[in-house]
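A.B. asks: Here it is: the structure, laid out below.
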Amino acid sequence: MSTRPQTKLDPELTPALSANGHVPGRLALATRPHVRGKFLYVGNRKLYLRGVTYGTFRRGEQGSEYGDERTVERDFAQMAAAGLNAVRTYTVPPRWLLDLAQRHGLYVMVGVPWEQHVAFLDDPGRAGSIEQRVREAVRACAGHPAILCYSIGNEIPAPIVRWHGSRRIEAFLERLYRAAKSEDPDALVTYVSYPSTEYLQLPFLDLVCFNVFLEQPDRLEAYLARLQNLAEDRPLVMAEIGLDSRRHGLRDQAFALSWQISTAFAAGCAGAFVFSWTDEWHRGGHDIEDWDFGLTDRERQPKPALAAVEEAFSRTPFPPGLSWPRVSVVVCTYNGSATLAETLDGLDALDYPAYEVIVVDDGSTDSSAAIASELDCRLIRTENRGLSSARNTGLSAASGEIVAYIDDDAKPDRDWLKYLAYTFMSSQHAGVGGPNLACPEDGLIARCVANAPGGPTHVLLSDREAEHIPGCNMAFRRQALEEVGGFDPRFRAAGDDVDICWRLRERGLSIGFSPAAVVWHHRRNSVRAYWRQQRGYGAAEADLERKWPEKYTTGGHVTWRGRLYGDGFARKSARRRWRIYYGTWGSGPFQSIYHPEGRMSEFMPLLPEWYLVIGGLAFLSAAGALWTPLLVVLPLLVAAIAGTLFQALLSALKPQAVSAGSSRTREAGLRGLTAGLYLAQPLARLVGRLRAGLTPWRRRGAGRSVLPIPRSCALWSEHGKTAEGRLSSIETTLKKTSTAVIRGGDYDRWDLEVRGGPLGSARLLLAVEEHGGGRQLARFRLWPRVSKAGGMAVIFVGALFAASALSGAWAAAALLGGAALLLALRELQECATGIAAAVEAIGLTAEES
């Protein structure tokens, strides 16, 4: 398909659009901005903030902190002429200043000042007066169309936060947020932080703002990636960036501001404010004479930085003239007629110079093909072969060097492809993904599903590198996909995205993450659809475990190396163990949260296997009818069930679960539904896993067995081979039979562990004797190993058997004795299977040599 046209414009806003297609002008100020995901919007148009800070100034004769209206009028006219569309103030502006801002097409970020430099929470009266001042400030500006947002604080000093503790500061800022919202409900509210208090957790804010002064591009780029992940699904705005021309010179100031602006927008920021408009600056009752951060001097004469900022802002979010790679966007659909048109309309509106859209209809029986045939895309119809096959069909037809995949129930952000492509252009990543956000208009049930576990999400190894990106928003270099043979057709409905990421990483390639490459993804809009989805995911996990058994624990739980982005009890409880790095005596310039490894006990209520644990406890409790001492298990059963319910209820209390305007009855109902979904999700996954064969009693590999006793063998070779090569050959041979094989670590006295099942395995140790002339004698030692969980289970049930037999409870003794015997035999069988698989693999490698 040829190069597609640029985005169609909305006739209502066309007069107010700048050359780069975004809202800057006077007409836009008739409507306040609102937040939609990672960006700000005016109506249906994205608004990139191109701002400058204004003040603080010495009070004039009339008592105004902004001087006379004529000076402000002149300043605002000069700002508008330079392409700026936002102003940040540090004190509450008078209404006439807001009127002037509106006249010149400038949104105002209103700062509400209060004594943040003192231990304000030690005095209850002072805290109350601060809240009252915030209310009065917001009330004075409420309803004005030039208001961008209110800032309820700016850089509370790190020592003050450390003095009070982060929890008290967070709670107080939320109190101020609620106060501001009560005075101007439609306004956006934020707090401006800085690196020294980066660890503050403020999920209630509408947008995330930071003051960041870094003088090296690579450091700023890396830090913005970190801040984007802290911001999660909210816009990130640089509330202050800049450079002092007094110390660095006019030329360096202009150069630094240019790359700071470019870096901020390329990193996906929703806007940036340059500090400051003028060198004139008054603070604490004194004029500051030894800093010159302004774009103009104290007489309002432009410095070179003003022209540099004007030019840099005109190029946002990406500079013109870039040689963008051609992208093929593949949409795989199967009976997706309900949302396919919306997806294709979103793709048609993308702002990208050269891309094609390929729709692969995987044997749909609805009107999907008819919908696609009427829109601007290439339609390929096939019989129903499954998702992976459809993705491969799209790959074969793609003409772009980048192949991007989006689901038929997702809609991309206007700049989606640019953020993906720019990440490819600035890195060596084989694949790049971005966040998928829930559509806010999907209704109440979908909103609950969006806050429930199990949705498509990304797993990050670092701020910019992913272990896994979900299939609804992923892109790859076409060459990389072709080199690994495309997607594995065994994954018909799910799991293909995890598999392709693991295969690419296995080849030493990396997966990148772009936080601004957003797609809007419809969540399931009924409990039944959510149940079916999670059950399907469970079946896909079984397929993944068969192919990648080494990545799963013996209990069948995948072991992600990175951080999984999601909600729930584990995330909340882990917060109690977060460690804040302050630096020695609180001197650290960048004070961050460090997350220790989560304990399995925290994650257990979210795992499908947890329901099997509850079932086992329920069985033993029921057996108490045959032998009363077994009723001692009953409190454990009650605790397990209570912990599960507590996890669900705590997760449902997330502030994102319901809207602030809901009635109490509706709010309680939505929270109850969310809690129910938290309970249902692991159970649905368990049903899907069990049906697909991912059971605790599963067996992997050929299934042959030998006597499970330690044994040794030797292999003579006339052609030398490294120990690593021999072990790698054995490992490859075992994987071909879907046998789970684990490599020994740096401190282990074994080289490979071959699992016969979750309860028993065999361990292998290799030693190579060199006999000269390339001749070698490879010695192998094998021995069985029972898993800790299996061994403890046999001992526990065996002890119960002995106790019941001694007490004369023969019915219970027979039941428990049979259970212990079955467990023990199963462990021996799995050990025997593991040893047999290892012996067979050694024999096959002997034939090769």
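A.B. asks: Quick check on my filter: what residues within the range 751-760 are open to solvent by 30 Å² or more (accessible area, probe 1.4 Å) and modelled with pLDDT of 90 or more?
C.D. replies: The answer is ASP751, and nothing else.
A.B. asks: Which ranges mark the strands (runs of 3 or more DSSP E) fully within the range 37-95 that have 1 or more residues being among the polar types (S, T, N, Q) and at negative phi? Spell out how you get there, then give the answer.
C.D. replies: On the way: elements: 39-42, 45-47, 49-54, 86-89.
It comes to 49-54, 86-89.
A.B. asks: Please determine, by comparing only the residues of the range 468-513 that are within 30 Å of THR316 (Cα to Cα), open to solvent by 10 Å² or more (accessible area, probe 1.4 Å) and not in a helix (DSSP H, G or I), which one is modelled with the lowest pLDDT. I'd like the intermediate steps shown before the answer.
C.D. replies: Initial filter on the range 468-513 (within 30 Å of THR316 (Cα to Cα)): 468-478, 510-513.
With open to solvent by 10 Å² or more (accessible area, probe 1.4 Å) added as a condition, the list becomes 468, 477-478, 510, 513.
With not in a helix (DSSP H, G or I) added as a condition, the list becomes 468, 477, 510, 513.
Details: HIS468: 90, ARG477: 97, SER510: 96, PHE513: 95.
Here the answer is HIS468.
A.B. asks: When you scan the range 428-461, how many residues do you find that are out of contact with any Ser or Thr (no Cβ under 8 Å at 6 or more places or on another chain), open to solvent by 10 Å² or more (accessible area, probe 1.4 Å), outside any strand (DSSP E or B) and of a type in the set (Gly, Ala, Ser)?
C.D. replies: 4
A.B. asks: Is it true that LEU9 is in a helix (DSSP H, G or I) and either modelled with pLDDT under 50 or surrounded by fewer than 18 Cβ atoms within 10 Å (Cβ to Cβ) (or both)?
C.D. replies: Values: in a helix (DSSP H, G or I): no; either modelled with pLDDT under 50 or surrounded by fewer than 18 Cβ atoms within 10 Å (Cβ to Cβ) (or both): yes.
Judged against the criteria, LEU9 is not a match.
A.B. asks: Please determine whether any residue of the range 553-574 is at pLDDT 90 or above and assigned to a helix (DSSP H, G or I). Break it down into steps so the answer makes sense when it comes.
C.D. replies: Residues of the range 553-574 at pLDDT 90 or above: none.
No, every residue in the range 553-574 fails to be at pLDDT 90 or above and assigned to a helix (DSSP H, G or I).
This table checks each residue for (1) at pLDDT below 95; (2) basic (Lys, Arg); (3) outside any loop (DSSP other than H, G, I, E, B).
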position	(1), (2), (3)
SER151	no, no, yes
TYR191	no, no, yes
SER196	yes, no, yes
GLN201	yes, no, no
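A.B. asks: From the list ARG139, ARG95, ARG74, which one is open to solvent by 10 Å² or more (accessible area, probe 1.4 Å), closer than 18 Å to ARG175 by Cα and in contact (Cβ under 8 Å) with a residue 12 or more places away in the chain?
C.D. replies: Criteria check complete, one pass: ARG139.
A.B. asks: Further, regarding this structure: Can you tell me which residue in the range 25-46 is modelled with the lowest pLDDT, limited to those that are in contact with a helix residue (DSSP H, G or I) (Cβ under 7 Å, 6 or more places away or on another chain) and open to solvent by less than 40 Å² (accessible area, probe 1.4 Å)?
C.D. replies: The qualifying residue modelled with the lowest pLDDT is GLY25.
A.B. asks: Quick check on the range 142-166: of everything there that is open to solvent by less than 10 Å² (accessible area, probe 1.4 Å) and of a type outside the set (Gly, Ala, Ser), which residue is farthest from THR56 (Cα to Cα)?
C.D. replies: VAL161
A.B. asks: Just give me the residues in the range 718-750 being in contact with a helix residue (DSSP H, G or I) (Cβ under 8 Å, 6 or more places away or on another chain), open to solvent by 30 Å² or more (accessible area, probe 1.4 Å) and under 26 Å from ALA793 (Cβ atoms), in sequence order.
C.D. replies: SER738, ILE742
A.B. asks: Where in the range 325-417 are the strands (runs of 3 or more DSSP E), entirely inside, with at least 1 residues that are open to solvent by 30 Å² or more (accessible area, probe 1.4 Å) and touching a residue at least 40 places away in the same chain (Cβ under 8 Å)?
C.D. replies: 378-382, 402-407, 410-412
A.B. asks: Take VAL518 and decide whether it is within 25 Å of ALA450 (Cβ to Cβ), touching an Asp or Glu at 6+ places or on another chain (Cβ under 6 Å), β-branched (Val, Ile, Thr) and at pLDDT 90 or above. Before the answer, list the steps.
C.D. replies: Details: within 25 Å of ALA450 (Cβ to Cβ): yes; touching an Asp or Glu at 6+ places or on another chain (Cβ under 6 Å): yes; β-branched (Val, Ile, Thr): yes; at pLDDT 90 or above: yes.
Yes.
A.B. asks: Please pick out the residue among ALA668, ALA660 that is modelled with pLDDT under 85, part of a helix (DSSP H, G or I) and closer than 30 Å to SER166 by Cα.
C.D. replies: Answer to the selection: ALA668.
A.B. asks: Could you check how many residues of the range 814-849 are without any contact (Cβ under 8 Å) to a residue 60 or more places away in the chain and surrounded by fewer than 18 Cβ atoms within 10 Å (Cβ to Cβ)?
C.D. replies: Restricting attention to the range 814-849, the residues satisfying the condition of being without any contact (Cβ under 8 Å) to a residue 60 or more places away in the chain are 814, 817-822, 824-825, 843, 847.
In the following step, the residues that additionally are surrounded by fewer than 18 Cβ atoms within 10 Å (Cβ to Cβ) were identified as 814, 818, 821-822, 825, 843, 847.
The number of residues fulfilling the criteria is 7.
A.B. asks: Tell me, yes or no, whether the range 56-69 has at least one residue that is more than 37 Å from the chain's Cα centre (by Cα), within 20 Å of GLU155 (Cα to Cα) and touching a residue at least 12 places away in the same chain (Cβ under 8 Å).
C.D. replies: Yes: one or more hits.
A.B. asks: Of the residues VAL212, VAL161, VAL189, which single one is β-branched (Val, Ile, Thr) and under 23 Å from THR31 (Cα atoms)?
C.D. replies: VAL189
A.B. asks: Can you tell me which residue in the range 592-621 is modelled with the lowest pLDDT, limited to those that are touching a strand residue (DSSP E or B) at 6+ places or on another chain (Cβ under 8 Å) and assigned to a loop (DSSP other than H, G, I, E, B)?
C.D. replies: If we take residues in the range 592-621 being touching a strand residue (DSSP E or B) at 6+ places or on another chain (Cβ under 8 Å) and assigned to a loop (DSSP other than H, G, I, E, B), then PRO596 is modelled with the lowest pLDDT.
A.B. asks: Could you please let me know if LEU715 is in contact (Cβ under 8 Å) with a residue 60 or more places away in the chain, open to solvent by less than 50 Å² (accessible area, probe 1.4 Å) and over 24 Å from GLY790 (Cβ atoms)?
C.D. replies: So LEU715 passes the test.
A.B. asks: In this structure, does ALA723 turn out to be modelled with pLDDT of 85 or more and either farther than 30 Å from GLN829 by Cβ or in contact with a Pro (Cβ under 8 Å, 6 or more places away or on another chain) (or both)?
C.D. replies: Here the answer is yes, as ALA723 does meet what is asked.
A.B. asks: Name the pairs whose Cβ atoms lie under 7 Å apart, with the first residue in the range 236-260 and touching a residue at least 12 places away in the same chain (Cβ under 8 Å) and charged (D, E, K, R), the second part of a loop (DSSP other than H, G, I, E, B) and surrounded by fewer than 21 Cβ atoms within 10 Å (Cβ to Cβ), and 6 or more positions between them or separate chains?
C.D. replies: Listed by first residue and then by second, the contacts come to ASP244/TRP291; ARG246/ASP290; ARG246/TRP291.
A.B. asks: Strands (runs of 3 or more DSSP E) wholly in the range 686-764 with at least 2 residues that are closer than 10 Å to GLY834 by Cα - which ones?
C.D. replies: Numbers: elements: 711-717, 741-743, 752-755.
Answer list for the range 686-764: 752-755.
The values are calculated or read from the model by the stated rules, or taken from the named source; none is laboratory data. Quick caveat: nothing in here was measured; it's all calculated off a predicted structure. Methodologically, a virtual Cβ is constructed for each residue, glycine included, from the backbone with ideal geometry; neighbour enumeration extends over all protein chains shown. Accessible surface areas use protein heavy atoms only, side chains included; no ligands, DNA or RNA. Shrake-Rupley method; radii C 1.70, N 1.55, O 1.52, S 1.80 Å.
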